[in-house]
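Accompanying notes for the structure given below.
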Amino acid sequence: MLDIDKIEIALKSLNETLEHDKAPNTELVVCGGAALNVMGLVKRTTRDIDVIGILEMNGEIVRLAMLREFPIYLLQAIKDVKNTLGLPEDWINLGPEKTLDYAFLPTGIETRLKRIVYGEKLTIFYLSRIDQIYFKLLAASAMEVSHHLDDLKVLNPTVGELGEAVKWVLTQSITDEKKMNLKTILEQLSYV
């Protein structure tokens, strides 16, 4: 499990590996538990670091689902860090892309990212609180019981924030089962 200190160590080590390998500058967009911890929104351990995309020079997020996997140089650096620090195989991954197969990103997401530089070769952009609410609601709707609901409770969205998040989730490729899960989640959050 990764706490805030282990997240920082792993990402600094990834930067050092990228520097050593003379790899290209890499700018990743991260959501989930790691982002919540780094942003100071929650204080808990997380299993992994969830990457949703690479930030291009023009400021646009290129979702890695479109690329299908990390670039080869980054895959190798991730593996090296895993071996050096004894991390799990998927310590940094494209996990959210399973939920986001056909999802459109929330409007304006790029303008709300928090940038942290881990060194010469690695910059991470963390999702803002409001975008975390969107993503956590979408992820929670994909599962009957999950830590995503707990995170939503900690994020304590206002009625307006939750309403906007619901609108966004409903624009995604969402099944009837996910709609039922969404209804249950909203009831648990006292939204309906």
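Within region 166-183, the set of residues being of a type in the set (Val, Ile, Thr) and touching a residue at least 40 places away in the same chain (Cβ under 8 Å) comprises just one member, Thr171. Just to be sure, is Asp151 more than 30 Å from Pro24 (Cα to Cα) and either aromatic (Phe, Trp, Tyr) or out of contact with any strand residue (DSSP E or B) (no Cβ under 7 Å at 6 or more places or on another chain) (or both)? In short, yes. Set side by side, the residues Lys183, Lys136 differ, and just one is surrounded by 19 or more Cβ atoms within 10 Å (Cβ to Cβ), at negative phi and basic (Lys, Arg), which is Lys136.
Among the residues of region 82-94, at least one is part of a strand (DSSP E or B), crowded, with 17+ Cβ neighbours inside 10 Å and not aliphatic (A, V, I, L, M).
Can Glu27 be described as in a helix (DSSP H, G or I) and within 23 Å of Asn83 (Cα to Cα)?
no
A single entry from Gly119, Gly108 fulfils the requirement of being at pLDDT 95 or above, surrounded by fewer than 17 Cβ atoms within 10 Å (Cβ to Cβ) and among the small types (Gly, Ala, Ser): Gly119. The C-beta contact set for region 76-89 (first residue on the phi < 0 side of the Ramachandran plot, second residue surrounded by 13 or more Cβ atoms within 10 Å (Cβ to Cβ) and of a type in the set (Gly, Ala, Ser), distance under 8 angstrom, 6+ apart or interchain) comprises Ala77/Ala23; Val81/Ala10; Val81/Ser13; Thr84/Ser13; Leu85/Ala10; Leu85/Ser13; Leu87/Ala10.
The values are calculated or read from the model by the stated rules, or taken from the named source; none is laboratory data. Owing to the predicted nature of the structure, the values given are computational and were not obtained by experimental measurement. Cβ atoms come from the backbone with ideal geometry, glycine included; neighbour counts cover every protein chain shown.
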